[in-house]
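Asker: To start, I am sharing the structure in question, which I have written as structure tokens.
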Ligand SMILES: Nc1ncnc2c1ncn2[C@@H]1O[C@H](COP(=O)(O)OP(=O)(O)OP(=O)(O)O)[C@@H](O)[C@H]1O
């Protein structure tokens, strides 16, 4: 059997902290993600979710344990990884087309081929006709669409998403969630999606990973056996959704409370 696409095996990440001691951000974290699987990660603020993503992306080496992609230990940024962050990487001085063209160009596509791929993805994210616009001429949701096209144009096998929609208003966020599902469904990409929003996590994912309060490790993994294709706004109102929400929140709440208590004792 082929190994899972992404494997974290007792991964630990320590950082030197300001006062000369060591801060453990992630501890003994084990998680596997298969091709075509959508995994959402939730946990209290500052627990180590982004650090976990940086281990998979190879941006940070693990201090102990192992991280594997395609069965190989991650030593540098693996091929075929796409990112999306809360602050998108759209370049303000470039048009929509030029923003999306830069990915395939960087990967060696000819100018003509890169433009063809970019135009295709701009259309797929619903921005046909806006190719010559600059980011400041677009709404927040449209800029997110550019960022999606920018990420997906390289056809990543792994998609790492760190609260990509959290700065959007509620309606635009729901639209973008639907859009992401629609675009991802046509691929076999593995997704790790970090969010503070439990509704978003359940609406999007095949499984939701609850992290402990810092240092992050996996507290529980919940399957989300809700049928696809999904319409997030409608899904959220269903009994099945609410049942899963209650179960996951029960697990998450304890960790959020722990993190709050520690925060309160630090500022007291
Ligand atoms: N490069 C770094 N150097 C030192 N400490 C770091 C570094 N990156 C993260 N940390 C620390 O590791 C801990 C976990 O941070 P991380 O950003 O992974 O948490 P998070 O769960 O993603 O946070 P949030 O929910 O606020 O987005 C924090 O205490 C942070 O200060």
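Asker: Based on this model, can you work out whether residue 96 counts as farther than 30 Å from residue 55 by Cα, crowded, with 20+ Cβ neighbours inside 10 Å, touching a residue at least 24 places away in the same chain (Cβ under 8 Å) and within 25 Å of the chain's Cα centre (by Cα)? Please lay out each step first, then the result.
Answerer: Values: farther than 30 Å from residue 55 by Cα: yes; crowded, with 20+ Cβ neighbours inside 10 Å: yes; touching a residue at least 24 places away in the same chain (Cβ under 8 Å): yes; within 25 Å of the chain's Cα centre (by Cα): yes.
Taking the combined requirement at face value, the residue satisfies it.
Asker: Out of (1) within 15 Å of the ligand (Cβ to nearest atom); (2) out of contact with any helix residue (DSSP H, G or I) (no Cβ under 7 Å at 6 or more places or on another chain), the odd one out for residue 67 is which?
Answerer: (2)
Asker: Those residues that are within 13 Å of the ligand (Cβ to nearest atom), in contact with a helix residue (DSSP H, G or I) (Cβ under 7 Å, 6 or more places away or on another chain) and either assigned to a loop (DSSP other than H, G, I, E, B) or more than 22 Å from residue 185 (Cα to Cα) (or both), I need them from the stretch 3-41; list them, please.
Answerer: Once the filter is applied, which keeps residues that are within 13 Å of the ligand (Cβ to nearest atom), in contact with a helix residue (DSSP H, G or I) (Cβ under 7 Å, 6 or more places away or on another chain) and either assigned to a loop (DSSP other than H, G, I, E, B) or more than 22 Å from residue 185 (Cα to Cα) (or both), the stretch 3-41 yields 11, 13, 25, 26, 29.
Asker: Mind counting the residues in the stretch 99-118 that are farther than 29 Å from residue 56 by Cβ and surrounded by 17 or more Cβ atoms within 10 Å (Cβ to Cβ)?
Answerer: Residues that pass the stated criteria total 1.
Asker: While we're looking at this one, here's another question. What are the pairs, 6+ residues apart or on separate chains, where a residue within the stretch 23-49 that is free of Cβ contacts under 8 Å to residues at least 60 places away in the same chain and closer than 11 Å to residue 209 by Cα has its Cβ under 7 Å from a residue that is more than 7 Å from the ligand (Cβ to nearest atom) and part of a strand (DSSP E or B)?
Answerer: Partner pairs satisfying both residue conditions: 32/6; 32/7.
Asker: Now for a separate question. Assess whether residue 68 counts as being touching a residue at least 24 places away in the same chain (Cβ under 8 Å) and farther than 14 Å from residue 215 by Cβ.
Answerer: Working: touching a residue at least 24 places away in the same chain (Cβ under 8 Å): yes; farther than 14 Å from residue 215 by Cβ: yes.
So residue 68 fits the description; yes.
Asker: Looking for something under 18 Å from residue 85 (Cβ atoms), surrounded by fewer than 19 Cβ atoms within 10 Å (Cβ to Cβ) and touching a helix residue (DSSP H, G or I) at 6+ places or on another chain (Cβ under 9 Å) - is there at least one such residue anywhere in the stretch 220-235? Talk me through it step by step, then tell me what you get.
Answerer: The initial filter retains those residues of the stretch 220-235 that are under 18 Å from residue 85 (Cβ atoms), namely none.
Within the stretch 220-235, none of the residues are under 18 Å from residue 85 (Cβ atoms), surrounded by fewer than 19 Cβ atoms within 10 Å (Cβ to Cβ) and touching a helix residue (DSSP H, G or I) at 6+ places or on another chain (Cβ under 9 Å).
Laboratory data are not the source of any read-out in this text; all were calculated from the coordinates shown. If you're wondering where the values come from, they're calculated on a predicted model, not measured in any experiment. Here Cβ is always computed from backbone atoms with ideal geometry, including for glycine, and neighbour counts include all displayed protein chains.
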